[in-house]
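What follows is a short report on a single structure.
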Amino acid sequence: MISFTRVSTDEEMTAALAGGLADVLSAGDVVLLEGDLGAGKTTFTRALAEALGVKPGHVSSPTFIIVNVYPVTTMVRGIARLVHVDAYRVTSDEDLEPLGWDQLFDPQTKQAAGDAVALVEWPGNISRALPDVRACVQVRIAATGMQSRSFSVTLPDAVAARPLAGLLAERPPARCPKSKRWTKPTAATYPFVDKRAQDSDLFGWLTDSYTVPAPRKED
């Protein structure tokens, strides 16, 4: 199990963090998303969904219908769907039966069924219908300012053992030195947002076009 905390200063940085998390998820995973009303759960969910391959603009808060299922445009790591659950208004596990819960979550393991990743808001309201928290990815969001948010993330052992999990835990999102866009922790070109920005920076060094704060000495 790996736990870490990141403080995000804006939505773009939050999207970079969500993109890093998306890179370590696989089909069957359940993400428990907690935070007070207005903490930014929907913003994080949209960023995670887009990073997984859900078309931008498709994600909305499912508060009144409880469950939304979004298709992923290109299957990666077995993921073809994102199941988004908002249990804020759920008062009993019996409320889940009419939703076809047994088609969304495996009845034996309670993990996301088949080719899906599940993200659950207000998971405490339906804890008996979900896997043990120690088997889930846990994300807790807390407002620390008008725009800033604190993200406390815990990866279960199965997820923590995956190739990019260590990078997600060790690196914060970084501001790309060239484009000034936020770079996700798992990017192969980190801290550069992409290969083009990385090559541009290298070209600057090779052509001696960088400026230095003091005159060079011959020695």
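Compute the Rg/Rh shape ratio of the range 69-171: radius of gyration over Kirkwood radius, all on alpha-carbon atoms.
Values: Rg = 15.1 Å, Rh = 15.4 Å.
For the range 69-171, the value is 0.98.
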At 1.4 Å probe radius, can you tell me the per residue accessible area of the chain in Å²?
53
Relative contact order of the chain (C-alpha contacts under 8 Å, at least 6 apart) in percent is 27
Run the count for the chain, please: Lys pairs, Cα-Cα under 20 angstrom, 8 or more apart or on different chains.
6
Could you derive backbone 3J(HN,Hα) for the range 38-49 from the dihedral phi with the Karplus parameters 6.51, -1.76 and 1.60 (θ = phi - 60°), listing whole Hz in sequence and x where the residue is Gly or Pro?
x, 6, x, 5, 5, 4, 5, 4, 4, 5, 5, 4
Extent along principal axes [Cα atoms of the chain; Å; largest to smallest]:
78, 36, 33
Once you've got the GNM for the chain with C-alpha springs shorter than 10 Å, pick whichever of Pro71, Pro191, Pro56 has the biggest mean-square fluctuation.
Pro56
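Residue separation times 0.36 nm, minus the C-alpha to C-alpha distance between Ser26 and Gln108: what's the value? Each step should come with its number before you reach the end.
Numbers: separation 82, 0.36 × 82 = 29.52 nm, distance 1.84 nm.
Length gained between Ser26 and Gln108: 27.7 nm.
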Could you let me know the centre-to-centre spacing of the range 75-133 and the range 140-186, using Cα atoms, in angstrom?
24
Quick one: if the Förster radius is 30 Å, what FRET efficiency do Ser179 and Ser150 give, using the C-beta to C-beta distance and rounding to 0.05?
0.70
HN-Hα couplings for the range 80-90 via Karplus (6.51, -1.76, 1.60; θ = phi - 60°), in whole Hz with x for Gly/Pro, come out as 10, 9, 10, 9, 10, 10, 10, 9, 4, 9, 7
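Only bridges whose two residues both fall in the chain count here: according to DSSP, what percent of them are antiparallel, nearest 5?
Working: 22 of 37 bridges.
So the antiparallel bridges amount to about 60 percent of the total.
Pop out the carbon and sulfur fraction of the accessible area of the chain as a percent, whole number, probe 1.4 Å. Don't jump to the answer; show the numbers that get you there.
Working: 6230 of 11680 Å².
C and S atoms contribute 53 percent here.
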Starting from the amide H of Leu119, placed 1.01 Å from N in the peptide plane, find each other amide H under 5 Å away whose residue is 5 or more places distant or on another chain.
Val31, Val83, His84, Val85
Read phi for every residue in the range 162-167 and hand back ³J(HN,Hα) as whole Hz from Karplus 6.51 cos²θ - 1.76 cosθ + 1.60, θ = phi - 60°, with x for Gly and Pro.
6, x, 8, 4, x, 5
What residues qualify as long-range amide H neighbours of Phe105, i.e. H under 5 Å apart, gap of 5 or more or another chain, H built at 1.01 Å from N?
Ala113
Long-range amide H contacts for Arg175: which residues qualify at under 5 Å (H placed 1.01 Å from N, peptide plane, sequence gap of 5 or more or a different chain)?
Thr183
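The values are calculated or read from the model by the stated rules, or taken from the named source; none is laboratory data. Being a predicted model, the structure only gives us computed values, none of them experimental. Neighbour counts are summed over all protein chains in view; Cβ atoms, including those assigned to glycine, are modelled from backbone coordinates with ideal geometry. When the accessible area is computed, the model is the full protein with side chains, heavy atoms only, and any ligands, DNA or RNA have been set aside. Shrake-Rupley method; radii C 1.70, N 1.55, O 1.52, S 1.80 Å.
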